[in-house]
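For reference, the structure discussed in these notes is given below.
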Ligand code: NAD
């Protein structure tokens, strides 16, 4: 399939590479040109660097975006680049960025003027699963559109689930981000208690990871915390973005989010401290500041 792919950051770049490996033809664009060149370099001519976002959509049956947040997707599709105006007749748009579900619905409505169908299809799994092609997609939109493009998403992910109408993918993603954020905070809080109480955090992790407290989040982030490795991964600033989107979405339907608000405030402390580009496992640093103790092994 001919695909235009816009946004080739930590996630988009390996996802685009997996589409190439699956035999798709890509036109790729990122405002950092080197990102697009990197995809083209491994593609044996299957991926071409586009001059701009509109050029990426040229000839494409499907346009994909993997951008930071709602304003970026709106800007590219409708406001500044206006990709929607230039898409091929009958082409479809799938946004894989994690954005506000209210914005997904607004963008879909904007696209309907041009007869363009849209799915919102954010992912979970992070960079390692983007590289392996084992991401989890949570999708919103019409079943017929989902059925048509599910094989394309399957080239990048091992789980692809239709969650409901447009916006349902991003509602599901926000639910995911609540669980991840609160879980990292809980792991940090627990390992700090262990350290302060004189029990090796590594021993605590090993002892509890197989029981009810164990989780994918714990397995991914506890070793990073103890290794003092806060290289992203998933950046604090992006998680703040998600938790602010949670707050907007929760306000719209009057749903309580006391834990999300607490963890978002802790992440904002990190941002103010210059840690916005660190991995979200850096949440442990807030506890370390409060306790004046590092969560190291031993
Ligand atoms: P990133 O910052 O690494 O990549 C975003 C890319 O978009 C950058 O390369 C940037 O140059 C490009 N970009 C921004 N505005 C642009 C524009 N107007 N035109 C063209 N290119 C533009 O971010 P990421 O980690 O790849 O995340 C992308 C999305 O995926 C975010 O919504 C994020 O929340 C979500 N996500 C990230 C992870 C993760 O672990 N990193 C996991 C799941 C979901």
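Relative contact order for the chain: 14 percent, from Cα pairs under 8 Å spaced at least 6 residues apart, divided by residue count.
With the convex hull drawn around the C-alpha atoms of the stretch 44-87, the volume per residue stands at 81 Å³. Helix 143-154 versus the longest principal axis of the chain: what angle, 0 to 90°, nearest 10, using Cα atoms? Helix 143-154 sits roughly 70 degrees off the main axis of the chain.
Rounded to the nearest 5, what % of the DSSP beta bridges within the chain are antiparallel ones?
Antiparallel bridges make up about 15 percent of those DSSP assigns within the chain.
By other beta-carbon atoms within 10 Å, ranking 216, 32 with the fewest at the front produces 32, 216.
Separation of the stretch 171-212 from the stretch 23-58 is 39 Å, based on Cα centroids. Just need log10 I(q)/I(0) for the stretch 22-147 at q = 0.22 Å⁻¹, Debye formula, equal scatterers on the alpha-carbon atoms, no solvent, rounded to two decimals. Those come out to -1.53, one per q. Shape descriptor for the stretch 146-298: Rg over Rh equals 1.02 (Cα atoms; Rh from the Kirkwood inverse mean 1/r).
Length gained on full extension, residue 109 to residue 148, computed as 0.36 nm times the residue gap minus the Cα-Cα distance: 12.0 nm.
Residue exposure proxy: 215, 278, ordered by other Cβ atoms within 10 angstrom of their Cβ from fewest to most, comes out as 215, 278. Put the Cα centre of the stretch 71-85 next to the Cα centre of the stretch 245-292 and the gap is 29 Å. The Cα atoms of the chain define a convex hull whose projected area, averaged across directions, is 15.7 nm².
Could you give the angle, 0 to 90 degrees to the nearest 10, between helix 168-196's Cα long axis and the longest principal axis of the Cα atoms of the chain? Approximately 20 degrees, to the nearest 10.
Taking only the C-alpha atoms of the stretch 87-139, the Rg (one decimal) and the largest Cα-Cα distance, Dmax (whole number), read 12.9, 38 Å. Among 203, 186, 250, the residue with the largest mean-square fluctuation in a Gaussian network model of the chain, with springs joining Cα atoms closer than 10 Å, is 203.
Set the Cα radius of gyration of the stretch 255-298 against 2.2 N^0.38 Å, with N its number of residues, and you get 1.27.
Taking Cα atoms, how many degrees apart are the long axis of helix 12-21 and the longest axis of the chain, rounded to 10 and kept between 0 and 90? Result, in degrees: 60.
None of the figures in this text is laboratory data; all of them are computed from the coordinates on show. Because the structure is predicted, anything quoted here is derived from the model rather than measured. FYI the Cβ positions are ideal-geometry reconstructions off the backbone, even for glycines, and counts take in every protein chain you see.
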